[in-house]
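The values are calculated or read from the model by the stated rules, or taken from the named source; none is laboratory data. Because the structure is a prediction, the values reported are computed rather than measured. Please note: Cβ atoms are built from the backbone with ideal geometry, for glycine as well, and neighbour counts cover all protein chains shown.
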Amino acid sequence: MSASGPDVIDYQKLLDEIAREVEPLYGQGKVASYIPALARVPARKFGMALTTLDGKTYRTGDATENFSVQSITKVFTLSIAMAYMTGELWRRVGREPSGNPFNSLVQLEYEHGVPRNPFINAGALVIADVIAAHSPDPKGLIRDFVRRTSANPSIDYDLEVARSEAEAGFRNAAMANFMKSHGNIESPVETVLDIYFTQCSLAMNCVDLSRAFLHLANQGRSPITGDEVATPRKTRRINALMLTCGLYDAAGRFAFHVGLPAKSGVGGGIVAVAPRHYSVCVWSPELDTTGNSVLGSHALEMLTNRTGVSIF
């Protein structure tokens, strides 16, 4: 935290400066190509939105353009699943960084069908199975949760992206079937895969996501809606998992450079939380070799360096 305090920071000016300064980084990454619908997204996009605890949102660039949030939805589904299960959940999925790619089959086999954490693909499939076991309409439940936390009732799935996910989802299908063979998937595999592919297709923008994550900066209560989305204890645990596992095998590097709990997606989005200060979302589709946004990672590092606000 800077000596002058975050309350005097001109966030709008800062976001506009960051947007200008990351422009030379275009071309250093590649848009995700293994999902055909994502491969068609223009590479030269950058949006950033930051929402403070008083409900004010600052934005720059393409912050109101919808994109496929992909694995960022794993934070939403984890929050839902934690409301259904407590100790039993952590016997089915771990809480440790993977140190491997987010879709590693080798690690899953080595650990006998128990995913290392809920943010790698295998872990998210287990979470989808938990939701399926407790809700007659899992996809509606997830969508409505996101609509409520973002205060945007128009948010919905992009079914073209969901179909594209399913057509290219062979590795996810392999992981789901492998966990089914170990008894760690209870619902039909096809049901779990459908939930997972559909949740990843949610179309949101930076403003939506900065507001949807704001409760994680405020001990579980949303300053936007006034609702208690999660208890303070659950909020601490979700933030801890984002810090240690939210950017896959680049989580340590991100914590070192940025110092905030965060979750990324291969659609190019990263959402980060500064507890007691703000939540922020940045989107730029060009990814590095670990599947994280090149411009987004640099933008968030600039933000924490210039504000002095981090958890360390």
Across region 67-93, the tally of residues that are modelled with pLDDT of 95 or more and either within 18 Å of the chain's Cα centre (by Cα) or among the hydroxyl-bearing types (Ser, Thr, Tyr) (or both) stands at 17
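Before we move on, is VAL8 free of Cβ contacts under 8 Å to residues at least 40 places away in the same chain and touching a Gly at 6+ places or on another chain (Cβ under 6 Å)?
no
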If you go through VAL22, VAL31, the only one that is under 21 Å from the mean Cα position of the chain (by Cα) and modelled with pLDDT of 95 or more is VAL31
Practice task
Restrict the check to region 231-245 and report whether at least one residue is in contact with a helix residue (DSSP H, G or I) (Cβ under 7 Å, 6 or more places away or on another chain), in contact (Cβ under 8 Å) with a residue 60 or more places away in the chain and farther than 22 Å from LEU89 by Cα.
Solution key: no
Among the residues that make up region 288-303, is at least one of them out of contact with any Gly (no Cβ under 9 Å at 6 or more places or on another chain), under 22 Å from LEU78 (Cβ atoms) and surrounded by fewer than 24 Cβ atoms within 10 Å (Cβ to Cβ)? yes
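Here's the yes/no breakdown for (1) modelled with pLDDT of 95 or more; (2) over 30 Å from PHE46 (Cβ atoms); (3) of a type in the set (Lys, Arg):
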site: ARG147; (1), (2), (3): yes, no, yes
site: ASN152; (1), (2), (3): yes, no, no
site: GLU167; (1), (2), (3): no, no, no
site: HIS182; (1), (2), (3): yes, yes, no
site: ASP208; (1), (2), (3): yes, no, no
site: ALA212; (1), (2), (3): yes, no, no
GLU109 vs (1) assigned to a helix (DSSP H, G or I); (2) in contact with a Gly (Cβ under 9 Å, 6 or more places away or on another chain); (3) not polar (S, T, N, Q): all pass except (2)
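For region 234-245, state whether one or more residues are part of a helix (DSSP H, G or I), at positive phi and not basic (Lys, Arg).
Scanning region 234-245 turns up no residue that is part of a helix (DSSP H, G or I), at positive phi and not basic (Lys, Arg).
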Filtering region 67-109 down to residues that are of a type in the set (A, V, I, L, M) and in contact with a Cys (Cβ under 8 Å, 6 or more places away or on another chain) yields VAL69
With the first residue restricted to region 122-138 and required to be over 13 Å from GLU190 (Cα atoms), and the second required to be assigned to a helix (DSSP H, G or I) and modelled with pLDDT under 95, Cβ contacts under 6 Å at 6 or more apart or on different chains are ALA122/LEU108; HIS134/TYR84
Practice prompt. For region 9-27, state whether one or more residues are surrounded by 12 or more Cβ atoms within 10 Å (Cβ to Cβ) and under 21 Å from SER222 (Cα atoms).
Written response: yes
Turns out the helices (runs of 4 or more DSSP H) fully within region 1-102 with at least 1 residues that are under 30 Å from GLY140 (Cβ atoms), of a type outside the set (A, V, I, L, M) and in contact with a helix residue (DSSP H, G or I) (Cβ under 6 Å, 6 or more places away or on another chain) are 36-39, 73-84, 89-92
Being more than 16 Å from ASN218 (Cβ to Cβ), out of contact with any Ser or Thr (no Cβ under 7 Å at 6 or more places or on another chain), at pLDDT 95 or above and hydroxyl-bearing (Ser, Thr, Tyr) narrows THR244, THR307 down to just THR244
Checklist entry - Regarding GLY259, is this residue in a loop (DSSP other than H, G, I, E, B), at pLDDT below 95, under 17 Å from the mean Cα position of the chain (by Cα) and farther than 25 Å from PHE145 by Cα? => result no
(Q) Among the residues of region 226-237, are any surrounded by fewer than 19 Cβ atoms within 10 Å (Cβ to Cβ) and either closer than 27 Å to THR64 by Cβ or modelled with pLDDT under 95 (or both)? (A) yes
